[in-house]
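Peer 1: This structure is in structure tokens; I'll ask about it shortly.
The values are calculated or read from the model by the stated rules, or taken from the named source; none is laboratory data. What you see is a predicted model; the values in this text were computed from it and never measured. Because the Cβ atoms are built from the backbone with ideal geometry, glycine has one as well, and the counts that use them run over all protein chains shown.
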Amino acid sequence: MSGAFWSRAGAHAESFDRLFAVLTGFSVLILLLVAGLIIGFSIRFRSGSKVTRHKVSRLVHREIEIGWIAATAIVALFFFWWTTSANLQQAGAPADAMEIHIEAKQWMWKASHPDGTRELSTLHVPAGRPVALYLNSQDVIHSFFVPAFRLKQDVVPGRTATMWFEADKPGTYPLLCAEYCGTGHSKMLGEIVVMEPGDFAAWLDSRPEGAGLIAAGRALFTSAGCSGCHAAGSAVHAPELAGLYGRQVPLADGRVVTADAAYIQDSILLPRRDIVAGYAPIMPDFADLLDEEEVAALVAYIRSLKGDTP
Amino acid sequence: MTDAAHPGTPDHGYSLPPSYLGAGTTLRSWLLTTDHKRIGLLYLASITVFFLIGGIAAAVMRTELMTPTGDLVSADTYNRLFTLHGVIMVWFFLIPAVPTTLGNFILPMAIGARDVAFPRLNLLSWYLNIAGGTLALVALLLGGVDTGWTFYTPYSTLYSNSYVTLAAAGVFVAGFSSIATGLNFIVTVHTQRTKGMTWMRLPLFVWSIYATSIILVLATPALAIVLAMIVGERVFDLGLFDPTRGGDPILFQHIFWFYSHPAVYIMILPGMGVVTEVLTCFSRRKVFGYEAMVFAILGIAIFGFFVWGHHMFVSGQSTFASLIFSLLSFVIAVPSAIKVFNWSATLYGGHITFEASMLYALGFVGLFTMGGLTGLFLASVPVDVHVTDTYFIVAHFHYIMVGGMVSAFFAGLHFWWPKITGRMYSEGFARAAALLMFVGFNVTFFPQFILGFMGMPRRYWSYPPEFQILNLMSSFGAMILALAYALPFVYFALSLWRGRMAGDNPWRATGLEWATASPPPRENFAEPPVVDSAPYDYHPAHAEPTEREDARDREDQDDRPEDPR
Amino acid sequence: MSGLNEPFQTLARQRGAAELGIWIFLASELVFFGGLFTGYSVYRFLYPDGFLAAGAETNLIIGTANTAILLTSSATMAVAVWAGREGLRRHVLWGLCLTSLLGAGFMVLKAVEYAEDIRKSLVPGAGFALPERGAEIFFSFYWIMTAIHAVHLTIGVAAVSLAAWRLWRGRVDWRGTAFLHVLGLYWHLIDLIWIFLFPLLYLLGRGG
Amino acid sequence: MTEKTHPGRLWRKAALVWVALSLALAATVVGAYLDIGAWKLPLAMAIAAFKAALVAAIFMELTGAGAGTRIAALVGLLWLALMLSLTFADETTRAQSSDGFTQGAE
């Protein structure tokens, strides 16, 4: 692996290392102070040494005491403020971030790019561009850890975890799983390959024409039988899906919900839960027909249906 | 423990009743005793056994980690080993160690009491600990547990097919032993203090055990319920944390760490108490800032319950909660810092001698400072994001647990050994062991800070080759540490047969426990002592120890080894 | 003055120590059940609809009856304690017997309710009846909370019955000690826990 | 020992408290059927707190108890509240990234 573990790749790593250096410096300072006090006093005031022991008045005791209580409190709050502000600056991913989906499964990482290209245990990203990762786990808690980016994020099953990074230096950086996940925990390794934007585009095109997520969704829309009812010309009275994403949907029980990704996914898996106003609850339940990736593909396809196209 | 009856030591005007060791020599008198001193020794025996088992597991792991590829044991065995090391060390050595051995033995005597408030509950506590330990060992022998001592769901509930339920039951039972001991000590300090022993005259060792008992009582139930929920989910298929049915694994972490962070203060606070006693005795000085030390102890105990979220910065906890926990974690660093500075200041103007327990205590202050400072790294969110779940964390908590708490435990053991057995151990041998342990410890765990920064995750059976050199160093250090831990067994055992008679107060310490015979009689004191001054009154406030007094100190120590000038 | 044990010199101090000791234990029990209440509250926040749907399935009649039983048993236990302090042995026995009978009655009703729940397959796991998301979690907490409470109640009934039996045979010198007071406090804790369990498990999802 | 008080007084005192508790129980059950929407939970909890306070104050004689005992009871409640509040500080403020995927992190 060319990129050593020490290496830094990205602005976040630099700001992290500054923070880490200051904290290390401060700790070494305090350690030297304490060690110096202990060793110094031990030698100077050892039993039998001739040095005179001055009596320290109670008032001086109290002043010293309050002195270092205040000093410690101030230093602690300073570090809290500094590290928190550093943290908040990079909390949210920039809007133009490239969206990649990571599937963590017991003892491997699967990545899928927006155009549907899929990778196993490696992730190719363009340099100098923010990349937002959406991580899902299919079994236990894993943790997507890239030491070179100084970043890690636990992937808790049942929830989508998010993290983002921007690597500036091309290179190959090790990916490890940091949350214990069973026998193959230490084998769940991978690589983040950061490439120049040009090389990345070339690499992307060279990938075998795998069905993109949306393309897979379009194919499933017909093969799974959705088009039978939801296509424009179908005889069955079913809700119109074109331009559905983001629209307010009035439901039969009077509630009005926004059609976000979760609504679409739940309508596929639990159709009888939110019946659209004015439609009979005749939609079959797909929960055990489609697996998680197929549902994600269908949701991506439905989200891509603009108002005009069927 | 041999039970040679110890006649009252020669310089007593009146003959004391036989020591607690002499009161009954049958096995039954030991296994059904309600004497806090004997229960302390029973605990000393049981935690030593568990310390050995946990230590062996650590030795095998360190041997395995010498090479990047896993070639000594299989991945599953390695996972079971680090879980065993965690479970046994946390619940059957670190948490019981000081409170149940030194605490049980010394606390009642230090407050001038005849015994703890509920002696029978004290014995029940030991049996619960043994029952829990047996269950955990049975789980180990049948095949072990591979979830890590943290039992994170959904691995522990849905995906692990090891003996999680049995181990959880073992820890559940041991948890009630902790609650019983905690409850017992709180009521003892409230109701059994002798005349004149006001709250602000309590030795800081008693304060630290009192504060630890508060944590024991208020935190352990959270562990009990979360283990019950795991068993509920594994055995009865309840959907408490099951993500497929909408459960939230992070909720498990909340309730678990609500116990487990205060638990680390259960481990370190008693050590702080022991160190204060030892530092003041061997520097012949009052402790610097007694009130500040008391409020620091209570602050750590109470505030310890507010900070658990710093274990979950990367687990998907909301940014808002992470920042609250980060602030609270920074604030709790303050009491620990106060204690370190006060310990250092206690040495000022003293007459410092370097017995073995003093070396351990000084080592404690140094190593605990390093452990505490790295805690600042972990309290800040962005730094913790990189280093959490790596060997940086392993190094951090070993600096506090092994560098801090185990050093303090050895300091206390050496400090009170003459009181417990009436015999002196060989000072030279003990000092060598202390230095060896300090060296071995640092060689073992300092490289792990660097490994953690480089990104070597925790609980890895095999690791990328770049990490091998530092792991080799760490494994080499572990050998020194193992040797250093073996030495005390030798010279403590020897002291039982060939040790010099210790006399009532070999260190000329000021605690009430030193005001009675060694080993003390069954009722601790011939008649209840009366306290009329603050603790650690080594030199009357005004008088400076004159040269003559120093010389006289020298003579009546008869054959005390001469001090390195 | 028998009933005084080991390290204590006077009964008054022993009573004070026993009272402080039991209350510390009750505080730890609060944190113990607190873990369950925390879990319940978090999921009720995350899945309000699932919880409402599931709440409607619990048997309100048995729940209310059981609450009434426990409240009554608290009253009879309190009388036993007060009578103990006054030295009225007969009333102590009456109080203890009524308390353990009521406790047993609670367990019987509980068994009936559990049987009905199992028949209505409200047991989390494969064949769980309700489709709503979160309903299964509600019943997971319903089972674990009521089961752990029932375990505490069984210990309570056993302790009270044993106390009544030993008192009747004159084998325990309770006068002046905190024996009855401690027993009563433990019993009242079981009632307190149920006072909060009842609205959380039985009253949601009712009516409009 | 004080002169023996008439036993009936004890039963009457307990019965009085019992009546109050039973009324509260009836009230809380009726409250469950009122159409007060979001106020159902607070009402049920308030009535439960009232019943608990009654049991604690009179039956458990917390009012007459020593300082240490009252502190122990209070601390138990505070720790319960602490566990609830800080756990809710996390659970209620998580960015709602749904099970599917979202455009850009909220």
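Peer 1: Yes or no: region C:149-172 includes at least one residue that is more than 29 Å from C:Gly205 (Cβ to Cβ), modelled with pLDDT under 90 and touching a Lys or Arg at 6+ places or on another chain (Cβ under 8 Å).
Peer 2: Scanning region C:149-172, I find at least one residue that is more than 29 Å from C:Gly205 (Cβ to Cβ), modelled with pLDDT under 90 and touching a Lys or Arg at 6+ places or on another chain (Cβ under 8 Å), so the answer is yes.
Conditions tested, residue by residue: (1) within 30 Å of C:Trp174 (Cβ to Cβ); (2) among the polar types (S, T, N, Q); (3) surrounded by fewer than 19 Cβ atoms within 10 Å (Cβ to Cβ).
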position: C:Ala18; (1), (2), (3): yes, no, no
position: C:Phe25; (1), (2), (3): yes, no, no
position: C:Leu36; (1), (2), (3): no, no, no
position: C:Thr58; (1), (2), (3): no, yes, no
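Peer 1: Can I ask one more? Quick check on region A:258-267: of everything there that is surrounded by 15 or more Cβ atoms within 10 Å (Cβ to Cβ) and more than 10 Å from every other protein chain (Cβ to nearest Cβ), which residue is nearest to A:Gly225 (Cα to Cα)? Walk me through how you get there before you give the answer.
Peer 2: If we filter region A:258-267 for residues that are surrounded by 15 or more Cβ atoms within 10 Å (Cβ to Cβ), which is where we start, we get A:259-267.
Among the residues that remain, those that are also more than 10 Å from every other protein chain (Cβ to nearest Cβ) are: A:259, A:267.
On the way: A:Ala259: 21, A:Ser267: 15 Å.
Filtering first and then ranking leaves A:Ser267.
Peer 1: Look at C:Ser73 and say whether it is under 26 Å from B:Pro221 (Cβ atoms), of a type in the set (S, T, N, Q) and crowded, with 22+ Cβ neighbours inside 10 Å. First the steps, then the outcome.
Peer 2: Values: under 26 Å from B:Pro221 (Cβ atoms): yes; of a type in the set (S, T, N, Q): yes; crowded, with 22+ Cβ neighbours inside 10 Å: yes.
In short, yes.
Peer 1: Now a separate question. Are there any pairs, at least 6 apart or on different chains, whose C-beta atoms fall under 7 Å, with the first in region D:21-32 and at the interface with chain C (Cβ under 7 Å from one of its Cβ atoms) and the second surrounded by fewer than 16 Cβ atoms within 10 Å (Cβ to Cβ) and not basic (Lys, Arg), and if so, which?
Peer 2: From region D:21-32, the pairs are D:Ala32/C:Gly207.
Peer 1: I would also like to ask the following. Given A:Phe26, A:Phe41, which one is crowded, with 18+ Cβ neighbours inside 10 Å and either of a type outside the set (Gly, Ala, Ser) or at pLDDT below 90 (or both)?
Peer 2: One residue alone meets the criteria, A:Phe41.
Peer 1: Among the residues of region B:418-435, count how many are closer than 11 Å to B:Glu355 by Cβ and part of a loop (DSSP other than H, G, I, E, B).
Peer 2: The qualifying residues number 2.
Peer 1: Quick check, is B:Arg508 part of a loop (DSSP other than H, G, I, E, B), touching a residue at least 12 places away in the same chain (Cβ under 8 Å) and closer than 23 Å to B:Gly403 by Cα? Show your work before the answer.
Peer 2: Values: part of a loop (DSSP other than H, G, I, E, B): yes; touching a residue at least 12 places away in the same chain (Cβ under 8 Å): yes; closer than 23 Å to B:Gly403 by Cα: no.
Judged against the criteria, B:Arg508 is not a match.
Peer 1: Please verify whether B:Phe492 is surrounded by 19 or more Cβ atoms within 10 Å (Cβ to Cβ) and in a helix (DSSP H, G or I), treating the condition exactly as stated. Spell out the reasoning first.
Peer 2: Numbers: surrounded by 19 or more Cβ atoms within 10 Å (Cβ to Cβ): yes; in a helix (DSSP H, G or I): yes.
The answer is yes for B:Phe492.
Peer 1: To continue, here is another question. Name the single residue, out of those in region A:275-287 being within 15 Å of A:Ala252 (Cα to Cα) and surrounded by fewer than 17 Cβ atoms within 10 Å (Cβ to Cβ), that is nearest to the other protein chains (Cβ to nearest Cβ).
Peer 2: Step one: of region A:275-287, the residues within 15 Å of A:Ala252 (Cα to Cα) are A:275-283.
Next, only the ones that are surrounded by fewer than 17 Cβ atoms within 10 Å (Cβ to Cβ) stay: A:277-282.
On the way: A:Ala277: 18, A:Gly278: 22, A:Tyr279: 19, A:Ala280: 18, A:Pro281: 13, A:Ile282: 17 Å.
Residue satisfying both the conditions and the ranking: A:Pro281.
Peer 1: Look through D:Ala38, D:Ala49, D:Ala72, D:Ala24 and report the one residue that is assigned by TED's automatic domain parsing to the domain that holds D:Lys13 and either closer than 30 Å to C:Arg13 by Cβ or in contact with a helix residue (DSSP H, G or I) (Cβ under 7 Å, 6 or more places away or on another chain) (or both). First the steps, then the outcome.
Peer 2: Values: D:Ala38 fails: either closer than 30 Å to C:Arg13 by Cβ or in contact with a helix residue (DSSP H, G or I) (Cβ under 7 Å, 6 or more places away or on another chain) (or both); D:Ala49 fails: either closer than 30 Å to C:Arg13 by Cβ or in contact with a helix residue (DSSP H, G or I) (Cβ under 7 Å, 6 or more places away or on another chain) (or both); D:Ala72 fails: assigned by TED's automatic domain parsing to the domain that holds D:Lys13.
Residue meeting the stated conditions: D:Ala24.
Peer 1: Every residue in region B:120-143 that is within 22 Å of the chain's Cα centre (by Cα) and surrounded by 22 or more Cβ atoms within 10 Å (Cβ to Cβ), please.
Peer 2: B:Asn122, B:Ser125, B:Trp126, B:Asn129, B:Gly132, B:Gly133, B:Ala136 - these are the residues of region B:120-143 that are within 22 Å of the chain's Cα centre (by Cα) and surrounded by 22 or more Cβ atoms within 10 Å (Cβ to Cβ).
Peer 1: Then there's this: Determine which member of the set C:Val81, C:Val31, C:Val92, C:Val42 is within 7 Å of chain D (Cβ to nearest Cβ), assigned to a helix (DSSP H, G or I) and buried (at least 24 other Cβ atoms within 10 Å of the Cβ).
Peer 2: Values: C:Val81 fails: within 7 Å of chain D (Cβ to nearest Cβ); C:Val92 fails: within 7 Å of chain D (Cβ to nearest Cβ); C:Val42 fails: buried (at least 24 other Cβ atoms within 10 Å of the Cβ).
One residue alone meets the criteria, C:Val31.
Peer 1: Among the residues of region A:108-116, are any within 11 Å of chain B (Cβ to nearest Cβ), among the aromatic types (Phe, Trp, Tyr) and either in contact (Cβ under 8 Å) with a residue 60 or more places away in the chain or not in a loop (DSSP other than H, G, I, E, B) (or both)?
Peer 2: Step one: filter region A:108-116 for residues within 11 Å of chain B (Cβ to nearest Cβ), giving none.
So far as region A:108-116 goes, no, none of its residues is within 11 Å of chain B (Cβ to nearest Cβ), among the aromatic types (Phe, Trp, Tyr) and either in contact (Cβ under 8 Å) with a residue 60 or more places away in the chain or not in a loop (DSSP other than H, G, I, E, B) (or both).
Peer 1: Out of the residues in region B:25-66 that are charged (D, E, K, R) and more than 24 Å from the chain's Cα centre (by Cα), which is farthest from B:Thr516 (Cα to Cα)? Spell out the reasoning first.
Peer 2: In the first step, residues of region B:25-66 are kept if they are charged (D, E, K, R); the result is B:28, B:35, B:37-38, B:62, B:64.
Add one more test, that the residue is more than 24 Å from the chain's Cα centre (by Cα), and what stays is B:28, B:64.
Numbers: B:Arg28: 27, B:Glu64: 50 Å.
Ranking the candidates gives B:Glu64 first.
Peer 1: May I ask you to list the residues in region C:117-174 that are small (Gly, Ala, Ser), in contact with a helix residue (DSSP H, G or I) (Cβ under 6 Å, 6 or more places away or on another chain) and in a loop (DSSP other than H, G, I, E, B)?
Peer 2: C:Gly134
Peer 1: Looking at region B:495-513, can you tell me whether even one residue there is β-branched (Val, Ile, Thr) and out of contact with any Gly (no Cβ under 7 Å at 6 or more places or on another chain)?
Peer 2: Within region B:495-513, the first condition is being β-branched (Val, Ile, Thr), and the residues that meet it are B:510.
This time we only want the ones that are out of contact with any Gly (no Cβ under 7 Å at 6 or more places or on another chain), so: B:510.
Scanning region B:495-513 turns up at least one residue that is β-branched (Val, Ile, Thr) and out of contact with any Gly (no Cβ under 7 Å at 6 or more places or on another chain).
Peer 1: Here is a further query. Could you tell me which of the residues C:Arg171, C:Arg206, C:Arg175 is among the basic types (Lys, Arg) and more than 9 Å from every other protein chain (Cβ to nearest Cβ)? Full working, then the answer.
Peer 2: Numbers: C:Arg206 fails: more than 9 Å from every other protein chain (Cβ to nearest Cβ); C:Arg175 fails: more than 9 Å from every other protein chain (Cβ to nearest Cβ).
Sole residue among the options that is among the basic types (Lys, Arg) and more than 9 Å from every other protein chain (Cβ to nearest Cβ): C:Arg171.
Peer 1: Do you know which residues across region A:144-175 are touching a Phe, Trp or Tyr at 6+ places or on another chain (Cβ under 9 Å), facing chain B (nearest Cβ under 8 Å) and under 26 Å from A:Ala296 (Cα atoms)?
Peer 2: The answer is A:Lys152, A:Gln153, A:Asp154, A:Ala161.
Peer 1: Being within 26 Å of B:Leu378 (Cα to Cα), of a type in the set (S, T, N, Q) and part of a helix (DSSP H, G or I), is that true of even one residue in region A:23-32? First the steps, then the outcome.
Peer 2: Going through region A:23-32, the residues within 26 Å of B:Leu378 (Cα to Cα) turn out to be A:23-32.
From the residues that got through so far, the ones that are of a type in the set (S, T, N, Q) too are A:24, A:27.
So of that shortlist, the ones also part of a helix (DSSP H, G or I) come out as A:24, A:27.
Scanning region A:23-32, I find at least one residue that is within 26 Å of B:Leu378 (Cα to Cα), of a type in the set (S, T, N, Q) and part of a helix (DSSP H, G or I), so the answer is yes.
Peer 1: Now for a separate question. Out of (1) under 46 Å from the mean Cα position of the chain (by Cα); (2) more than 8 Å from chain B (Cβ to nearest Cβ), what's the single condition that is false for A:Ser49?
Peer 2: Among (1) under 46 Å from the mean Cα position of the chain (by Cα); (2) more than 8 Å from chain B (Cβ to nearest Cβ), the lone unmet condition for A:Ser49 is (1).
Peer 1: Within region A:76-93, which residues are modelled with pLDDT under 85 and either at positive phi or surrounded by 15 or more Cβ atoms within 10 Å (Cβ to Cβ) (or both)?
Peer 2: Across region A:76-93, the qualifying residues are A:Gln90, A:Gly92, A:Ala93.
Peer 1: Further question on the same structure: Restricting region B:144-169 to residues that are in a helix (DSSP H, G or I) and within 25 Å of the chain's Cα centre (by Cα), which is surrounded by the fewest Cβ atoms within 10 Å (Cβ to Cβ)?
Peer 2: Only one residue fits best here, namely B:Ala169.
Peer 1: Does at least one position in region B:62-74 carry a residue that is crowded, with 19+ Cβ neighbours inside 10 Å and of a type in the set (A, V, I, L, M)?
Peer 2: Taking region B:62-74 and keeping what is crowded, with 19+ Cβ neighbours inside 10 Å, we get B:62, B:64-65.
From the residues that got through so far, the ones that are of a type in the set (A, V, I, L, M) too are B:65.
Yes, that holds for at least one residue.
Peer 1: Another question, then. Among the residues of region D:4-14, are any more than 7 Å from chain C (Cβ to nearest Cβ), closer than 24 Å to C:Leu60 by Cβ and modelled with pLDDT of 90 or more?
Peer 2: Taking region D:4-14 and keeping what is more than 7 Å from chain C (Cβ to nearest Cβ), we get D:6, D:8-9, D:12-13.
From what is left, the residues that are closer than 24 Å to C:Leu60 by Cβ are none.
No, every residue in region D:4-14 fails to be more than 7 Å from chain C (Cβ to nearest Cβ), closer than 24 Å to C:Leu60 by Cβ and modelled with pLDDT of 90 or more.
Peer 1: Go through A:Ile30, A:Ile100 for me and flag whichever is facing chain B (nearest Cβ under 9 Å) and out of contact with any Cys (no Cβ under 6 Å at 6 or more places or on another chain).
Peer 2: Values: A:Ile100 fails: facing chain B (nearest Cβ under 9 Å).
Among A:Ile30, A:Ile100, only A:Ile30 is facing chain B (nearest Cβ under 9 Å) and out of contact with any Cys (no Cβ under 6 Å at 6 or more places or on another chain).
Peer 1: Got at least one residue in region B:452-470 being away from chain A (no Cβ under 14 Å) and either surrounded by 18 or more Cβ atoms within 10 Å (Cβ to Cβ) or within 21 Å of the chain's Cα centre (by Cα) (or both)?
Peer 2: No: region B:452-470 contains no residue that is away from chain A (no Cβ under 14 Å) and either surrounded by 18 or more Cβ atoms within 10 Å (Cβ to Cβ) or within 21 Å of the chain's Cα centre (by Cα) (or both).
Peer 1: Does B:Val314 count as away from chain D (no Cβ under 14 Å) and either over 15 Å from A:Phe80 (Cβ atoms) or at pLDDT 95 or above (or both)?
Peer 2: Values: away from chain D (no Cβ under 14 Å): no; either over 15 Å from A:Phe80 (Cβ atoms) or at pLDDT 95 or above (or both): yes.
So B:Val314 fails the test.
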